[in-house]
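Structure first, commentary second.
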Amino acid sequence: MPSADSRPGAAGLGEAHYDGARSSDARPAPAGDALDVLIVSLGSTHGLRAADRELRDSLTRAGARVAIAQADAPPPTRTLMLTDLRWARAARAAAIRALAEQPAPPRAIVYSSTTAALLWPRPGAIRFDAPSAGNRPGRDGLWQRPLERRRLEQAPLLLPWSESGLDEAPAAARRHGRALVLPVPVERSGAPAPIRDIAAITYAANPSKKGLDMVLSAWRSLRGEIARQADGAGGQLLVAGADAQELAQAGLPLDDATVRVLGALPRHEYRALLRRARVFVCAPRREDYGIAQLEALADGCLLVSTPAPGPYVALPIARALDPRLVRDDLEAALKSALADPLPDYAERAQQALASLRRDSLDRLVSGTILPRLLGGSQD
């Protein structure tokens with residue numbers, strides 16, 4: 001199920017804005033050459049769209065004929081219940097349109113997120129970071145949770161991003177061996193910068209959920225000490241994913257010369273900043289996966305984080321790398337990272353991420369996921 005904010009989707013670069021209306025890239029297959037897999041993509045964030053492209057490309061490398069049916073973004077609304085309904089309807093429309101364009105029904109359908117599957121026109125596999133059972137508590141998920149439970153029970157195959165994401169699904173959905181964990185691949189974006197000249201960076205789309213208030217509080221407590229350690233950019237905190245107006249609307253106006261607000265950035269620019277940053281700092285109130293944190297680890301940042309609830313994949317990795325940097329006392333954790341970093345942290349992080357490399361997941365897709373997709377009935 002989407003993350004618990006007004007823009008459904010997993011955490012990832014670009015959550016702060018929509019790209020606007022998007023059309024399906026599910027073009028008709030050659031005559032008599034039906035698709036093997038149709039991916040119905042909610043695609044409400046850059047992170048979700050990137051995950052769907054990664055799945056498409058991995059399935060293609062495994063020899064499958066694959067297309068993505070991309071939902072068109074509906075107008076934003078104030079409530080999560082209505083937001084999810086509009087996105088579910090957009091996903092249904094994209095699926096119907098894509099199915100009508102094909103010369104024959106695809107052998108399998110993958111709905112990317114439980115929201116995309118809520119109003120499905122045909123049953124299919126469901127890939128998800130977290131279910132509404134975990135991230136839509138109370139009235140925010142009144143209609144979504146029971147329908148999601150039904151869809152998870154009806155799906156021939158479940159493809160959670162993580163074991164902890166699956167653990168949040170209803171017990172009935174986890175029976176009969178229908179679930180195969182399929183993470184999102186994480187790769188280093190390039191060679192590290194010769195000098196890491198940025199003290200810290202954070203990702204703050206949906207500032208309240210990301211805990212930006214706690215990040216700024218910890219930073220301000222240390223900024224005098226940080227300024228004494230480094231000059232210029234070396235003593236700055238960069239805030240990506242939200243602009244100054246969004247922060248002001250969230251009650252976080254900034255008049256701090258040591259904090260630089262970047263807004264939403266192209267992925268290549270953002271990842272280049274990660275390669276220059278010493279620390280990625282965050283204090284999420286809930287984390288449904290943590291792509292931004294995993295990307296930071298892949299690009300050599302030390303990860304400073306509070307121990308947030310949710311299927312937070314990067315959390316046990318960060319805790320194993322350096323437990324001083326994962327605690328509720330964010331100020332102390334940030335101070336340890338900046339003043340006393342472990343020298344082999346980045347090297348051990350690369351080893352810890354080995355199971356999330358693209359080649360590792362390609363083996364999983366070709367050896368297990370694709371055979372299960374094509375072997376199961378979609379009718």
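Per the listing Tyr270, Tyr289, the residue uniquely farther than 19 Å from Tyr345 by Cβ, under 17 Å from the mean Cα position of the chain (by Cα) and assigned to a loop (DSSP other than H, G, I, E, B) is Tyr289. Would you mind stating whether Leu338 is among the aliphatic types (A, V, I, L, M), assigned to a helix (DSSP H, G or I), surrounded by 15 or more Cβ atoms within 10 Å (Cβ to Cβ) and touching a Gly at 6+ places or on another chain (Cβ under 9 Å)? Answer is no for this residue. Screening Val186 on (1) within 22 Å of Leu35 (Cα to Cα); (2) of a type outside the set (Ser, Thr, Tyr); (3) in contact with a Leu (Cβ under 9 Å, 6 or more places away or on another chain) shows it passes everything except condition (1). Only one entry in Ala248, Ala296 is in a helix (DSSP H, G or I) and closer than 16 Å to Arg196 by Cβ, namely Ala296.
For the criterion of being in contact with a Pro (Cβ under 8 Å, 6 or more places away or on another chain), hydroxyl-bearing (Ser, Thr, Tyr) and within 20 Å of Leu48 (Cα to Cα), Tyr289 passes. Just wondering, is there one or more residues in segment 349-359 that are in contact with a helix residue (DSSP H, G or I) (Cβ under 6 Å, 6 or more places away or on another chain), free of Cβ contacts under 8 Å to residues at least 60 places away in the same chain and either over 28 Å from Lys209 (Cα atoms) or not in a helix (DSSP H, G or I) (or both)? There is no residue in segment 349-359 that is in contact with a helix residue (DSSP H, G or I) (Cβ under 6 Å, 6 or more places away or on another chain), free of Cβ contacts under 8 Å to residues at least 60 places away in the same chain and either over 28 Å from Lys209 (Cα atoms) or not in a helix (DSSP H, G or I) (or both). Of note, Asp25 does not satisfy the criterion of being part of a loop (DSSP other than H, G, I, E, B), at pLDDT below 50 and of a type in the set (Asp, Glu). Ala171 - would you say it is crowded, with 16+ Cβ neighbours inside 10 Å, out of contact with any strand residue (DSSP E or B) (no Cβ under 8 Å at 6 or more places or on another chain) and aliphatic (A, V, I, L, M)? Against the criterion (crowded, with 16+ Cβ neighbours inside 10 Å, out of contact with any strand residue (DSSP E or B) (no Cβ under 8 Å at 6 or more places or on another chain) and aliphatic (A, V, I, L, M)), Ala171 does not qualify. In segment 28-52, which residues are modelled with pLDDT of 95 or more and assigned to a helix (DSSP H, G or I)? Result: Asp52, single match. Going by the structure shown, is Leu334 farther than 30 Å from Gly177 by Cα, in contact with a strand residue (DSSP E or B) (Cβ under 7 Å, 6 or more places away or on another chain) and at pLDDT below 95? Criteria not met by Leu334. Taking segment 51-88 as the range and being among the polar types (S, T, N, Q) and farther than 22 Å from Gln144 by Cα as the test, the residues that pass are Ser58, Thr60.
Can you find, within segment 127-157, the residue that is surrounded by the fewest Cβ atoms within 10 Å (Cβ to Cβ) among those that are within 17 Å of the chain's Cα centre (by Cα) and either modelled with pLDDT of 85 or more or more than 19 Å from Pro183 (Cβ to Cβ) (or both)? Among those that are within 17 Å of the chain's Cα centre (by Cα) and either modelled with pLDDT of 85 or more or more than 19 Å from Pro183 (Cβ to Cβ) (or both), it is Arg136.
The values are calculated or read from the model by the stated rules, or taken from the named source; none is laboratory data. Just so you know, these numbers come straight off a predicted model, no measurement behind them. In this analysis, Cβ positions are derived from the backbone assuming ideal geometry, glycine residues included, and neighbour counts consider all displayed protein chains.
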